[in-house]
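Readers should treat all values here as calculations from the given coordinates under stated rules, not as data from a laboratory. Because the structure is a prediction, the values reported are computed rather than measured. With ideal geometry, Cβ positions are generated from the backbone for all residues, glycine too; neighbour counts draw on all protein chains shown.
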Amino acid sequence: MGYNMNIHEKMVKELYDKKSLNAFIYLIEHGRELEFEYNSKECFISRDNSKSSVSIWVNKEEQAFDNIEDLIRKAKIDGVLFEDVWKIIQLGILY
C-alpha cells in the first residue's frame with residue numbers, strides 16, 4: 001500500500017467506516033466540523049462561532065456546551081440525547 005495515513009486521516013476513516021465516537025471526539029477537538037442528519041433534521045457541530053466551546057445546531061437552533069463530552073451527554077435532538085442517536089444518525093460532510 002505504500003501510502004501511510006497520518007493520525008488525522010485515520011480518524012476520518014474510522015469516523016466514516018465505523019462511526020467511531022472516539023474518532024468524532026478527536027476530529028471535533030482538532031477543529032473539524034460535522035454535518036449530519038437525524039429524523040430529517042439538519043444538524044451541524046462546530047467550535048467556530050459557538051456561544052461556548054462547542055455547539056450543535058439542529059435546524060439552525062443552537063445548543064452550546066463547554067466541551068465535546070458535555071455535548072455528547074447533554075445535547076438533545078427531538079428530545080433524545082445525542083449519545084443515544086449517534087449510531088443511527090446519517091453522517092454528512094466533515095469540514
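The set of residues in region 1-27 being crowded, with 17+ Cβ neighbours inside 10 Å, under 11 Å from the mean Cα position of the chain (by Cα) and more than 23 Å from G79 (Cα to Cα) consists of L15, A23, Y26, L27.
Restricting region 69-95 to residues that are within 11 Å of the chain's Cα centre (by Cα) and assigned to a loop (DSSP other than H, G, I, E, B), the residue that is surrounded by the fewest Cβ atoms within 10 Å (Cβ to Cβ) is Y95. Within region 40-68, the set of residues being loosely packed, with under 13 Cβ neighbours inside 10 Å and either in contact (Cβ under 8 Å) with a residue 40 or more places away in the chain or farther than 24 Å from K13 by Cβ (or both) comprises S40, N49, K51, N59, K60, E61, D66. In region 1-44, which residues are of a type in the set (K, R) and part of a helix (DSSP H, G or I)? Selection gives K10, K13, K18. All conditions in (1) more than 21 Å from V80 (Cα to Cα); (2) in contact with an Asp or Glu (Cβ under 8 Å, 6 or more places away or on another chain); (3) not acidic (D, E) hold for M11, with the sole exception of (2).
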